[in-house]
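Encoded as C-alpha cells, the structure appears first; notes follow it.
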Amino acid sequence: MSYWTLSITLIFVVLPLLLSKTLNLGLERDTVIATLRSIVQLLAVGYILKFVFDSGSLVYIFLMVTLMIVAATHNAQKKGAAIKGIIWKVAVTLVFVEVLTQSVLLGFGITPPTAQYIISISGMVIGNSMVLSILFLNRFTAEVESHQDETELVLSLGGTPKQAIHSQLMHSIKASMIPTIESQKTVGLVQLPGMMSGQIIAGADPIQAVQFQLLIMFLLLTTAAVTSVLLGFLSYPTLFNQRMQLLKS
C-alpha cells in the first residue's frame, strides 16, 4: 500500500465527521485529534519497530515492552483514581500477565524468542490487559459507590472487609471478563479477527493463520481472567482503613 492509497482511506474519517456535524454530536474535534494521533503514533512505532527488528537486540525488546507497560499503566490508572496506590497495582498486574504469557510461550517453544514475536504478542497481551483493567476499575468503583450501605452493614455485623466487598468484587470481575468470552463465542462466524485477517491478506495459509489466531485467543482469555482477578484482589484491601472501616470516596 502506497502513501497515496493510504491517504484515500481518510474518506472513512470524513464520513464520521460529517455525521457528527450534521447530528450536532460534538465529536469533530475528538475525531480529528484521534486520527492525527493514530497516524503519528503508528508511523513512529513502525519506524521504531523496523529498527528493533533489524537489530534483534534483547535490550531494545525489553525497552519496547517496558514502554508498552508504562503507557498502558498511565492510561488504565485514571479509572481507579479513588483506589490508593492504583498505579503500582495496575503496573504489577500488567507485568505479571506479560511474564506469565511469555514464560509459557518461550518456555514451551511455542513461539521463537525473536523481536517480531515477542513485541507483537506482548502488544496484544498488554493492550488487552489494559482494556480489561479499565473495564474492571470502572465497574468496581461504581459497584463500591452504589453499595456503600450494604458494605457498611456487613462490617457493622462483624464481617471482614473481604466478606463485605465480596459481592461487588465478583460482579466486577465477571463483568470485565464477559466481553472477551462472548467475542470468542462468535469468532469465525460474526468476525474474522485482526491477526488472522492480516496474515491471510499477507498471503499466509488460512489454516496457519487460524492456528496463530487461536493462540492469541487463548492468550487473551488468560489475560482477561488473570488481569481482573489479580487487580481486584490487589485493589479491594485499600478501600478500608486499619479499623476495617470503608473509606469514603
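The values are calculated or read from the model by the stated rules, or taken from the named source; none is laboratory data. What you are looking at is a predicted structure, and each value in this text was computed from that prediction instead of being measured. With ideal geometry, Cβ positions are generated from the backbone for all residues, glycine too; neighbour counts draw on all protein chains shown. Keep in mind that these areas ignore ligands, DNA and RNA; they rest on the heavy atoms of the full protein, side chains included. Shrake-Rupley method; radii C 1.70, N 1.55, O 1.52, S 1.80 Å.
Quick rundown of the values:
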| item | result |
| --- | --- |
| Charge dipole of the chain about the Cα centre (unit charges at C-beta), most positive-ward option of LEU247, VAL59, ILE126 | LEU247 |
| Peptides 122-133, 161-172, 15-26, 217-228 ordered by average Cβ neighbours within 10 Å, highest first | 122-133, 217-228, 161-172, 15-26 |
| Helix-only CD estimate at 222 nm, as mean residue ellipticity for the chain, using -39500 (n - 2.57) per DSSP H run (n ≥ 4) | -26000 deg cm²/dmol |
| Summed residue charge, Cβ within 12 Å of PHE136's Cβ, Lys/Arg positive, Asp/Glu negative | +3 |
| Residue-normalised accessible area of the chain, given per residue in Å² at a 1.4 Å probe | 61 Å² |
| Given charges at beta-carbon only (K, R positive; D, E negative), |dipole| of the chain in Debye | 360 debye |
| Heavy-atom accessible area ranking, 1.4 Å probe, most first, across LYS185, LYS79 | LYS185, LYS79 |
| Reachable lysines, given that their alpha-carbon falls under 28 Å from the alpha-carbon of LYS162 and they are not under 8 places away in the same chain | LYS78, LYS79, LYS84, LYS89, LYS174, LYS248 |
| Whole-angstrom gap from the range 1-35 to the range 158-237, using each part's C-alpha centre | 30 Å |
| Answer label for Rg and Dmax of the Cα atoms in Å (calculated), chosen among (i) 21.3, 69; (ii) 22.1, 72; (iii) 17.6, 52 | (i) |
| The range 107-133 versus the range 55-97: alpha-carbon centroid distance in Å | 14 Å |
| Tilt relative to the chain, helix 28-55 - C-alpha long axis, 0 to 90 degrees, to 10 | 70 degrees |
